[in-house]
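Below is one structure, written out as structure tokens, with a few remarks after it.
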Amino acid sequence: MPGRSLVVLAIADSAPRARLAATMLDTLPGPGHAHGLAVLRSAATPSPARIRAELEDTRQAGRRIPLLTTGQIRRLIRRRRPDAVLLDCSGPHTETLSGLGRSFLRRYRPVVVSSLPVPAPEATEGEWLHRSRSDLLVAHSHREVDEYTVLAEKLGIRTQVGLAGVFPRTGQGPVSGRRDRVVFAAEGGLPDGNLGRETLLSALADLARNRPDLEVVLHLGHEDHPEPMETWHALARAGRVDASALTVTSGDLRRQLDHARGLVALGSEPVLVALSARVPCLVLTDFGRERGDLFEDSGLLGDLGDLRLARFHKPRRAWGEYNHFHPASEDDWVARLHELCLNVSRGRIS
């Protein structure tokens, strides 16, 4: 890998993407690299407190993260002239921001890196076209790299696709301490309709009643999820559940995993977060899943019967290494970034 130090400016458009950007910046090797992080100001701008919470345990923790408009970001790039701009943003925002560094100084042109979220959306023509002006698209699993590379070849897009893991591999080292908590993560999705929510919450209440040795947690995440609480209160008023059966929490999911025996969710990022903490999981199939789902062949799928028995699973090794839990030695995005920056400095990329 080239030894040249780089100046990298990261732009995110949400609190989770700010954490992803900070995690990626943390992987830049050596003390010579300088980097900064800003958050795009938009209609959905997160609060400073939410951003601070997401940046805990990264090198950006405790730093003031500016909230900037598109024009302010353009001026910041012009002033600081970073070697690379890392865009951890939605497709439309990436499309808007990816050209900011290319027009105002003819002799200066940063490398533009676009990062997919975790987990990434399905590789589609629309998603690729939003990011096609980037020099490097970064995915976070071998599966995503393969899917986006195949589609890029079909569309004639020349943007490179690199790999950057953001979760450690599972199963490294023993887990110590009590494991007496079962967590349902609402941020992973909720069943459609009140009947589906009643069925799920009743199953959680059954588990709490039959296993008094376990603390059953309904975790609402950072976002406001009124539906599960409305359904829960209605069940309690009707005498169908014990109102005190569940512990209701919010905020950072990672704080709930220290003593977790298992995590249950309908899917998505909470399951990946739990697996990275070596917490067994249950991805429910009772409420429908689509073919090609991320967790297909993972060994994590189950139903409410498994939940009532507190039956959780560890992922199959092959699935894990293909889906976000590959060895860090297989990451190549930093090497690709160095090569692109070198080619720009030598005038090989305009």
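The values are calculated or read from the model by the stated rules, or taken from the named source; none is laboratory data. Keep in mind the model is a prediction, meaning the values are calculated, not measured. Every residue, glycine as well, gets a Cβ built from its backbone with ideal geometry; the counts of neighbours run over all protein chains shown.
Structure values in brief
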read-out: Breaking point among (1) surrounded by 17 or more Cβ atoms within 10 Å (Cβ to Cβ); (2) touching a helix residue (DSSP H, G or I) at 6+ places or on another chain (Cβ under 7 Å), for Leu275; value: (2)
read-out: Qualifying positions in region 218-252 - part of a strand (DSSP E or B) and surrounded by 20 or more Cβ atoms within 10 Å (Cβ to Cβ); value: Leu218, His219
read-out: Residues satisfying the stated conditions in region 118-139, i.e. part of a loop (DSSP other than H, G, I, E, B) and either free of Cβ contacts under 8 Å to residues at least 60 places away in the same chain or over 19 Å from Leu340 (Cα atoms) (or both); value: Val118, Pro119, Ala120, Pro121, Glu122, Ala123, Thr124, Ser132, Arg133, Ser134
read-out: Lone qualifier among Ser141, Ser134 - being under 19 Å from Ala38 (Cβ atoms) and at pLDDT 95 or above; value: Ser134
read-out: Cβ pairs under 6 Å, 6+ apart, first in region 230-245 and in the same structural domain as His219 (by TED's automatic domain parsing), second loosely packed, with under 15 Cβ neighbours inside 10 Å and assigned to a loop (DSSP other than H, G, I, E, B); value: Ala236/Ala243
read-out: Residue in region 12-23 that is in a loop (DSSP other than H, G, I, E, B) and exposed (fewer than 14 other Cβ atoms within 10 Å of the Cβ) present; value: no
read-out: Some residue of region 146-163 being among the β-branched types (Val, Ile, Thr), in a loop (DSSP other than H, G, I, E, B) and at pLDDT below 95; value: no
read-out: Among the candidates Leu155, Leu207, residue that is surrounded by fewer than 15 Cβ atoms within 10 Å (Cβ to Cβ) and touching a Leu at 6+ places or on another chain (Cβ under 9 Å); value: Leu155
read-out: Failed item in (1) crowded, with 18+ Cβ neighbours inside 10 Å; (2) more than 21 Å from Cys281 (Cα to Cα); (3) of a type in the set (Lys, Arg), with Arg197 passing the rest; value: (2)
read-out: Conditions (1) surrounded by 14 or more Cβ atoms within 10 Å (Cβ to Cβ); (2) closer than 15 Å to Ala12 by Cβ; (3) more than 21 Å from the chain's Cα centre (by Cα); number of the one not met by Arg64; value: (1)
read-out: Answer residue from region 207-217, given it is touching a residue at least 60 places away in the same chain (Cβ under 8 Å) and in a helix (DSSP H, G or I) and is farthest from the chain's Cα centre (by Cα) among those; value: Asn210
read-out: Members of region 184-206 found to be hydrophobic (A, V, I, L, M, F, W, C), in a helix (DSSP H, G or I) and under 15 Å from Ala265 (Cα atoms), listed by number; value: Ala186, Leu200, Leu201, Ala203, Leu204
read-out: Selection status of Ile73, under 16 Å from Ser114 (Cβ atoms) and either assigned by TED's automatic domain parsing to the domain that holds Pro117 or under 21 Å from the mean Cα position of the chain (by Cα) (or both); value: yes
